[in-house]
Structures are given as C-alpha cells and as structure tokens.
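One structure is given below, encoded as structure tokens.
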Amino acid sequence: MTPTRLLAPTYRNMLRTLAGLLDRAQQQMADRAEALLSARLAADMFPLSSQVRFAAFQAQEAVFRLRGEPTPEWLDAVAAEGRNAGDAPGSIADSRVRIDEALSMLDTLSDAALDAGASLPIAIELPGGITFDMTGEQYVRDWALPQFYFHVVTAYAILRRHGVEVGKADYVPHMFGYLRPGTIPTA
C-alpha cells in the first residue's frame, strides 16, 4: 500500500459519501436543509458547514504536504471558511463546490503522485505552539486519515442527530461495488 493508493481512493469514496449525505438532507428536509449547515453536535464543536470544508481541506492539504509543497492561499482560504462557518455557513451548493474542488484535484493525481512523500519530514504546527514532527508515512497513518475521517463522520453524526434519516449504508455506499451477488437478504 502506497500513500497515493491509500489516500486518493479513500478520499474520493468518502467525499462522494459526504456529497451523498448532503443530497439526502436536501431530499428529506428541503425546507430545513440550509439551516442544517449551522447545526452542531455540541456547543463547543464546529457546525456541519465547517466539517464539510475541513474534510475538503484535509484531502487537498495531504496532496501538498506529501509533495513537499506549501499549501496555497486558495486552500488556506477553505480552512478559514471552515473556522468561520459558525458566522457564515454558506449554502449546501457552496459545500458541494468545496467537495467537487477536492474531487477534481484528486482526479488529477498520477498513480504514484504522493509516494515519494512517505519519507519526507512533515511538521504539523497547531495554534498555541504545539508541533508534531513525523515522516510522511506517519502523517498519512496518524494524522491525514484520522483527521479526514473525523470530519466526515462528524458531518454524518450532525445530520443524523438533526433528523436526516441516514444509516451505515449511506456512510459506506462504495462497499456495494464489492457486494457478492445474491447475498442481500430479501426479508
């Protein structure tokens, strides 16, 4: 398993899941769907709109980090949108644009685009001066994927908590591509 073969398909699958979850919210709650973008799991957590933007940011940030490149200003702006989404949540269409941008970027990657980054030194600098130093491989395993999944699953939980009828199949629809014929129970 290489960084590219792990991250690119994982990010694509789960970003499509996130888009599908937003679609379900619009279908089920057309009159309230936009308001869900301000919904939170807990008062001290970021709202749904932030979770979507952070997931889109995380997927793209990993590409730059593993290529040894600084994140561009336009991508930093996506993270800033996420941090400010409590005041300016935008629309579901805006959220879909962020997801589509991330998917488009991932679609441009060659089969080994991120692999040389496995041995790169990566520093994660957080507010307050906390810094984590790791290799690219450690970054993929211990930061990039967990952070990304945190935001996707939090978005799922916010929607579920606020009345959107979604279940496990809505979270992992990509698994149906592996379904063995004749194994779905009929009753």
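Brief remarks on what is shown
- Any chance L15 is in a helix (DSSP H, G or I), under 29 Å from A112 (Cβ atoms) and open to solvent by 40 Å² or more (accessible area, probe 1.4 Å): no
- Residue match in region 79-90 (condition: more than 16 Å from the chain's Cα centre (by Cα) and either under 22 Å from Y139 (Cα atoms) or of a type in the set (D, E) (or both)): yes
- Hits in region 122-165 - residues which are assigned to a helix (DSSP H, G or I), open to solvent by 60 Å² or more (accessible area, probe 1.4 Å) and touching a residue at least 40 places away in the same chain (Cβ under 8 Å): E137, Y149, R161
- Residue selected from region 166-183 under the condition part of a loop (DSSP other than H, G, I, E, B) and open to solvent by less than 100 Å² (accessible area, probe 1.4 Å), by the criterion modelled with the lowest pLDDT: G182
- Long-range neighbours under 7 Å by Cβ, at least six apart or interchain, first residue more than 14 Å from A59 (Cβ to Cβ) within region 91-105, second of a type in the set (D, E) and modelled with pLDDT under 95: S91/E34; I92/E34
- Test: residue in region 66-84 that is buried (at least 18 other Cβ atoms within 10 Å of the Cβ) and within 18 Å of A113 (Cα to Cα): yes
The values are calculated or read from the model by the stated rules, or taken from the named source; none is laboratory data. The model shown is predicted, which means the values in this text are computed figures rather than measured ones. Note that each Cβ is placed from the backbone with ideal geometry, even for glycine, and that neighbours are counted across all protein chains shown. We work out accessible area using only protein heavy atoms, side chains counted, and drop any ligands, DNA or RNA first. Shrake-Rupley method; radii C 1.70, N 1.55, O 1.52, S 1.80 Å.
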